[in-house]
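Structure first, then comments.
The values are calculated or read from the model by the stated rules, or taken from the named source; none is laboratory data. Note that the structure is predicted; figures quoted are calculated from it, not measured. In this analysis, Cβ positions are derived from the backbone assuming ideal geometry, glycine residues included, and neighbour counts consider all displayed protein chains. Note: accessible area is taken over every heavy atom of the protein model, side chains too, but ligands, DNA and RNA are not part of it. Shrake-Rupley method; radii C 1.70, N 1.55, O 1.52, S 1.80 Å.
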Amino acid sequence: MRDAEIRHLKELIGQPVRIHGWLYNSRSSGKLRFLVVRDGSGYLQAVVFKPAVEQRVWDETGKVTQESSLWVTGKVKEDPRAPGGVELEVTDFGIVALCPEYPITPKEHGPDFLLNNRHLWLRSKRQHAIMRVRNELIFGIRDFFYRRDFVNIDSPILTPAACEGTSTLFETDYFGATAFLSQSGQLYLEPAAAAHGKVFCFGPTFRAEKSKTRRHLMEFWMVEPEVAWMRFRELLDLAEEFVSSLVARVLDRCKLELEWLERDVAKLEPATQRPYPRLDYGDAIVKLQAKGYAVTFGDDFGGDEETALSDETGKPTMITRYPAAIKAFYMEPDAADPTRALAVDMIAPEGYGEIIGGSERIGSYEKLEQRIREHGLPREAFEWYLDVRRYGGFPHSGFGMGIERVVSWLCGLQHLREAIPYPRMLNRLYP
Ligand code: 4AD
Ligand code: MG
């Protein structure tokens, strides 16, 4: 008997197979019993016909409970009405481990209950679909860079100093000294850009701000490209090409998942098309004021402002040239107006907020040294970073994209906590 995965059964019509999995649900009607089995790769309706099986098989399929682990054998039958296009005519069946009453049932559960049971919640159809979209996005990101000759250089997680001045870090004891969990791999990527030209890092990042919004996690995954000789304008093009190609890839390869999530894909289609609208920070302020927001030039944007700035046509918006004063120390000032930084934030449509933050970096030693002083940063901690300018400084640019924000947008989630397998939030470190 051949072991098979549910997703490949279409290729095995008419053949006998064995499936290992778990019971998703079941119902009986007279001499027929319908078991929906899931094996991680898909869902399969297995049909038990009493006269066609041994009494033992009929009895076992009658007592098997939701989420019991099991194996089932049978003949694959084409059925255009079934989800995967096939069903199974059961010949034999065995329970591997009988499951006591499963905590998660089709009825509504509150978010706290579900998060406490995240390790089990991951088995639910909706969560399964989200993780598949996340997986496709991650692979798409790596593929995008690989095809363009970027080199993957991983940045360290344990670091001796901060990177983004604006956020708080997690501290940990490092053999009597203090180490911080990385909030961005960027500073470590810049030296690698001098070594390889085009590089990216992709790993977990940590922010200890006590923010309790649907857009913030304490631990999230960020992908960060960094490119030697790239100027601000080309960076905007790269960000646009990156996001539009990822949206197209997920739309193409995750049709079933997006359907399960009841995502209105028509709302995502526009984001596959370039160009994206670009809005100068000054114009963004004017736009917000016209909409009645109490913002003045020099303010940073919160979640509400980001939502108000998102594009009605469904494309992400790139807000450019923020005041240098509200952005990080390493950002290159605009030559035309040095009070502005060559910074960009990409705002997703439909109120999903900032998905990308990036900038051209200061390439000159003197300018960077001055900025470190102005920001009151401990110079010793940045000597190595200054070396990138001391030994052959060069213009370069990069950005960071938090993937949970993108997963939320693509899947149409209310909250980032569903976009990562095990969310770390202000009041949650379990499981
Ligand atoms: O804008 P941020 O803070 O930029 C940086 O860290 C730069 N050093 C990146 C770079 O230029 N290489 O963060 C980048 C992105 C945001 O646009 C957002 O998508 C995500 O990271 N992000 C978060 N995602 C989830 N939870 C949080 N608390 C996040 N903070 C930022
Ligand atoms: Mg940002």
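Collect the residues in region 329-358 that are assigned to a strand (DSSP E or B) and on the phi > 0 side of the Ramachandran plot, keeping them in residue-number order.
Gly353
Search region 181-213 for residues being assigned to a loop (DSSP other than H, G, I, E, B) and open to solvent by 40 Å² or more (accessible area, probe 1.4 Å), and hand back the single one that is modelled with the highest pLDDT.
Arg207
Scanning for something under 30 Å from His415 (Cβ atoms), in contact with a helix residue (DSSP H, G or I) (Cβ under 6 Å, 6 or more places away or on another chain), in contact (Cβ under 8 Å) with a residue 24 or more places away in the chain and within 12 Å of ligand 1 (Cβ to nearest atom), does region 320-336 turn up at least one residue?
yes
With the requirement that a residue be among the β-branched types (Val, Ile, Thr), open to solvent by less than 30 Å² (accessible area, probe 1.4 Å) and within 17 Å of Leu309 (Cβ to Cβ), what does region 241-288 give you?
Selection gives Val243, Ile285.
Determine whether region 332-352 contains at least one residue that is assigned by TED's automatic domain parsing to the domain that holds Leu189, within 16 Å of ligand 2 (Cβ to nearest atom), open to solvent by 50 Å² or more (accessible area, probe 1.4 Å) and closer than 20 Å to Glu241 by Cα.
The answer is no, given that none of the residues of region 332-352 is assigned by TED's automatic domain parsing to the domain that holds Leu189, within 16 Å of ligand 2 (Cβ to nearest atom), open to solvent by 50 Å² or more (accessible area, probe 1.4 Å) and closer than 20 Å to Glu241 by Cα.
Identify, please: which residue in region 383-403 is within 17 Å of Ala194 (Cα to Cα) and within 16 Å of ligand 1 (Cβ to nearest atom) and is, among those, most open to solvent (accessible area, probe 1.4 Å)?
By that ranking, first place goes to Pro395.
Tally the residues that are exposed (fewer than 14 other Cβ atoms within 10 Å of the Cβ) and over 34 Å from the mean Cα position of the chain (by Cα), restricting the search to region 7-27.
Qualifying residue count for the region: 4.
Quick check on region 300-328: of everything there that is in contact with a strand residue (DSSP E or B) (Cβ under 9 Å, 6 or more places away or on another chain), in a loop (DSSP other than H, G, I, E, B) and not polar (S, T, N, Q), which residue is most open to solvent (accessible area, probe 1.4 Å)?
Asp300
Kindly indicate which of Thr172, Thr168 is surrounded by fewer than 20 Cβ atoms within 10 Å (Cβ to Cβ) and within 16 Å of ligand 2 (Cβ to nearest atom).
Selected residue: Thr168, the only one of Thr172, Thr168 that is surrounded by fewer than 20 Cβ atoms within 10 Å (Cβ to Cβ) and within 16 Å of ligand 2 (Cβ to nearest atom).
So which residues in region 365-378 are open to solvent by 40 Å² or more (accessible area, probe 1.4 Å) and touching a helix residue (DSSP H, G or I) at 6+ places or on another chain (Cβ under 6 Å), if there are any at all?
Of everything in region 365-378, just one residue is open to solvent by 40 Å² or more (accessible area, probe 1.4 Å) and touching a helix residue (DSSP H, G or I) at 6+ places or on another chain (Cβ under 6 Å), namely Tyr365.
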